[in-house]
Every structure is written in C-alpha cells, then in structure tokens.
1. Within 20 Å of residue 102 (Cα to Cα), part of a loop (DSSP other than H, G, I, E, B) and within 23 Å of the chain's Cα centre (by Cα) - does that describe any residue in the range 223-237?
2. Suppose we filter 167, 189, 132 for residues that are modelled with pLDDT of 90 or more, under 32 Å from the mean Cα position of the chain (by Cα) and under 30 Å from residue 211 (Cβ atoms); which single one remains?
3. Kindly indicate the residue of the range 99-123 that is at pLDDT 75 or above and in a loop (DSSP other than H, G, I, E, B) and also surrounded by the fewest Cβ atoms within 10 Å (Cβ to Cβ) among those meeting that condition.
4. Confirm whether residue 44 is more than 15 Å from the chain's Cα centre (by Cα), surrounded by fewer than 18 Cβ atoms within 10 Å (Cβ to Cβ) and within 21 Å of residue 236 (Cα to Cα).
5. Filtering the range 69-95 down to residues that are over 16 Å from residue 239 (Cβ atoms) and either modelled with pLDDT under 90 or part of a helix (DSSP H, G or I) (or both), which residue is nearest to the chain's Cα centre (by Cα)?
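The values are calculated or read from the model by the stated rules, or taken from the named source; none is laboratory data. Nothing here was measured: the structure is a model prediction, and the numbers come from that model. Because the Cβ atoms are built from the backbone with ideal geometry, glycine has one as well, and the counts that use them run over all protein chains shown.
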C-alpha cells in the first residue's frame with residue numbers, strides 16, 4: 001500500500017518536473033549568452049522565459065532590467081526592476097527605481113519610506129495573512145484546551161486572538177491596486193473603452209498608472225491624481241505575479 005502511494009506521488013510530480021526542465025535549459029542558454037556578451041540574444045531568451053513560459057529567477061529579472069537600461073529602453077527596465085522588487089522587497093532596487101524614474105521625469109512612482117513600507121506590505125501580505133491564520137488556529141486550540149480540559153479562563157490569550165483576528169481582517173480587506181507602465185510614446189488616454197471615444201490626454205512612455213479594471217482589450221486607469229481614462233492593454237506593461245521555473 002505504501003509503495004502504491006509513493007509511486008502515485010512520483011507520477012504526479014513527474015509532469016511538473018518535465019515542464020520545468022525546458023525552462024531551466026533555456027535559462028542556462030540565456031545565462032551563457034549573457035556571460036559571452038551576446039546581450040541581444042540573451043534578452044530574447046529571457047523574454048521568452050518570462051512571457052511565454054511564465055517563469056523567472058530574481059537574477060534573470062535584474063539582468064533583463066540592466067540590458068534594457070543599457071539600450072535606453074527605460075519602460076522595460078523599470079518594469080523588470082519593479083517585478084524584482086515585488087518578489088524580493090530589496091530596498092536598493094526600490095531606490096534604483098526612484099532614481100531612474102526621476103532621471104526621465106516620470107510620474108506615478110511613489111518614493112520615500114512610506115511608499116517603501118506600503119510596497120513591502122503588498123509584497124508580503126500573502127505570507128503575513130497565512131502566518132496569522134496559523135497563529136489564530138493555534139491560539140484557539142490552546143484556549144480550548146485550557147478551558148475544557150484544565151477548567152482555566154485565559155486572560156491574555158483572548159486579547160491576543162482578537163488582535164490577530166482584527167489584523168487579519170484588515171489585511172484581507174485591504175485592496176492593493178495593480179499597476180502598469182506605459183510602454184509606447186504617444187499613448188492615447190481615452191474617455192471610454194473605445195477607439196472612437198474622446199481623447200483625454202496623450203501620454204509618453206515610462207509613466208506608471210494604477211490599473212482599476214479591465215474591459216475587453218481596455219484597461220481603466222487612474223493617472224496623475226484622480227483623473228481616469230482607458231488605455232489599450234497592448235500599450236501597457238502590467239505588473240503581475242509569475243511563477244518560478
């Protein structure tokens with residue numbers, strides 16, 4: 001029976017290992033090209049891994065940011081730096097993003113300690129909420145044991161449980177908006193989700209926008225304060241989570 005269980009587990013894991021192997025091979029090819037100084041070819045391989053295979057490594061993201069900054073493709077450089085920061089919370093990369101945005105006079109990039117703290121909170125919210133759930137369950141078990149088995153009335157634990165529960169509810173009900181970076185010059189900010197709609201403003205590449213909701217091929221965005229409008233999805237680099245290979 002145990003052997004059947006082990007074999008079943010291995011069979012379920014085998015497809016996962018098989019699907020990751022080509023991505024790891026491509027990553028090795030990209031790293032080899034990068035080390036040889038074949039930067040354009042390396043970037044093409046990395047882009048295939050990121051966009052087609054939905055994979056990445058932190059080192060790969062930094063290399064992609066460097067290669068794009070090297071050829072002055074600053075929207076892409078900022079995109080990969082932001083992607084790296086979302087996954088690592090690296091303060092030096094946060095400061096690099098701010099510096100690069102300032103050098104091109106770009107809007108939408110929050111700087112300073114408060115912005116850094118909020119970015120970290122966004123990055124680690126899934127881990128924090130998961131840990132809080134485990135802690136809440138543990139506290140409830142301890143309280144139940146003390147009350148039913150030892151006939152004790154805990155004094156401090158209920159308050160700790162209440163504090164953890166309130167913090168958990170606050171975090172899961174805090175909505176972090178997704179952001180996107182304009183990838184092309186002369187991007188039209190439309191009043192409605194249609195090419196026939198009124199043009200609100202013409203935006204240059206590199207600015208960061210808040211993505212509110214998607215309607216077909218259009219993103220409703222918030223730009224420069226409370227102004228809203230619509231931009232085609234193909235003109236934006238959307239900052240989203242991806243899986244490691």
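1. Yes: the range 223-237 contains one or more residues that are within 20 Å of residue 102 (Cα to Cα), part of a loop (DSSP other than H, G, I, E, B) and within 23 Å of the chain's Cα centre (by Cα).
2. Values: 167 fails: modelled with pLDDT of 90 or more; 132 fails: modelled with pLDDT of 90 or more.
Every option except 189 fails the conditions.
3. Only one residue fits best here, namely 105.
4. So residue 44 passes the test.
5. To start, the set of residues in the range 69-95 that are over 16 Å from residue 239 (Cβ atoms) comprises 69-73, 91-92, 95.
Now narrow it down to the ones that are either modelled with pLDDT under 90 or part of a helix (DSSP H, G or I) (or both): 69-70, 91-92, 95.
Numbers: 69: 20, 70: 23, 91: 15, 92: 17, 95: 17 Å.
Across the range 69-95, the extreme among qualifying residues is 91.
Residue by residue, here is whether (1) in contact (Cβ under 8 Å) with a residue 60 or more places away in the chain; (2) out of contact with any helix residue (DSSP H, G or I) (no Cβ under 6 Å at 6 or more places or on another chain); (3) under 23 Å from residue 127 (Cα atoms) holds:
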| residue | (1), (2), (3) |
| --- | --- |
| 45 | no, no, no |
| 48 | no, yes, no |
| 54 | yes, yes, yes |
| 64 | no, no, no |
| 69 | no, no, no |
| 73 | no, yes, no |
| 94 | no, no, yes |
